[in-house]
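Working notes for the structure below.
The values are calculated or read from the model by the stated rules, or taken from the named source; none is laboratory data. Source: prediction; values computed, not measured. In this analysis, Cβ positions are derived from the backbone assuming ideal geometry, glycine residues included, and neighbour counts consider all displayed protein chains. For accessibility, only protein heavy atoms count, side chains too; no ligands or nucleic acids. Shrake-Rupley method; radii C 1.70, N 1.55, O 1.52, S 1.80 Å.
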Amino acid sequence: MKIINQLLNKKDFIDYLESKHFSRGVDKIILHHTSDSIESWNGESSILDYKKTYESKGWKSGPHLFIAPEGIYLFTDMNIQGVHANDGNKNSIGIEMVGNYDIFFPSGCIWENTELVLTSLLKKFNLEIKDIHFHRRYNAKKSCPGKAVTKKKIREMLKLC
Ligand SMILES: [Zn+2]
């Protein structure tokens, strides 16, 4: 599996997205959580662990972005179809928020980075908030991206202006 494995801050992500040419249609964004605690996140070594785990499942690609407290990791190139949400993989960008959001909505740097990524992707692909989907829509056995993450809350928290 080929991954980009690059950590960007918010400004770098905006620049990356602005200069990126997309050869693939994107009509939705699919949110996930890693479901492990933020404390167990170990930066690039966690990224490489995920790569190994996905490879062991025989996946050719994974989610596109990981939102960590320290920034935004480019994982699978957004021009390649990801593997992260069953029927939702086609024409989507898959985003993993580090942490477990079954009880609390993401906060601090995780939410700030997620908010920036969501608003810039919506703009880039001319999408609306309704085009942000949750993994659990494609896999009823999962609560992903966490029970505390609801459409209502996303609408409240995204400052679109
Ligand atoms: Zn998920």
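The table below lists the values:
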| quantity | calculated |
| --- | --- |
| ARG155 paired with ASP87, simple spin-label distance in nm, labels 7 Å along Cα-to-beta-carbon | 2.4 nm |
| In Å², nearest 10: area of LYS57 left accessible to a 1.4 Å probe | 120 Å² |
| Length-normalised contact order for the chain - Cα pairs under 8 Å, 6+ apart - percent | 32 percent |
| Kirkwood hydrodynamic radius (C-alpha pairs) into Stokes-Einstein, the chain, 25 °C and 0.890 mPa s, D in µm²/s | 157 µm²/s |
| Candidate residues ARG137, ARG24, ARG155: accessible-area rank, largest first, probe 1.4 Å | ARG137, ARG155, ARG24 |
| Accessible-area composition of the chain, carbon plus sulfur, in percent [1.4 Å probe] | 51 percent |
| Unit charges at the beta carbon, dipole of the range 6-157: most positive-side option, THR119, ILE129, ASN42 | ILE129 |
| Debye, to nearest 20: dipole size of the range 1-102, +1 on Lys, Arg Cβ, -1 on Asp, Glu Cβ | 440 debye |
| Charge-dipole axis of the range 6-157 as Lys and Arg at +1 and Asp and Glu at -1 on Cβ define it, positive-most pick from LEU74, ILE154, HIS64 | ILE154 |
| Per residue, in Å², the accessible surface of the range 69-109 once ligands and nucleic acids are set aside, probe 1.4 Å | 38 Å² |
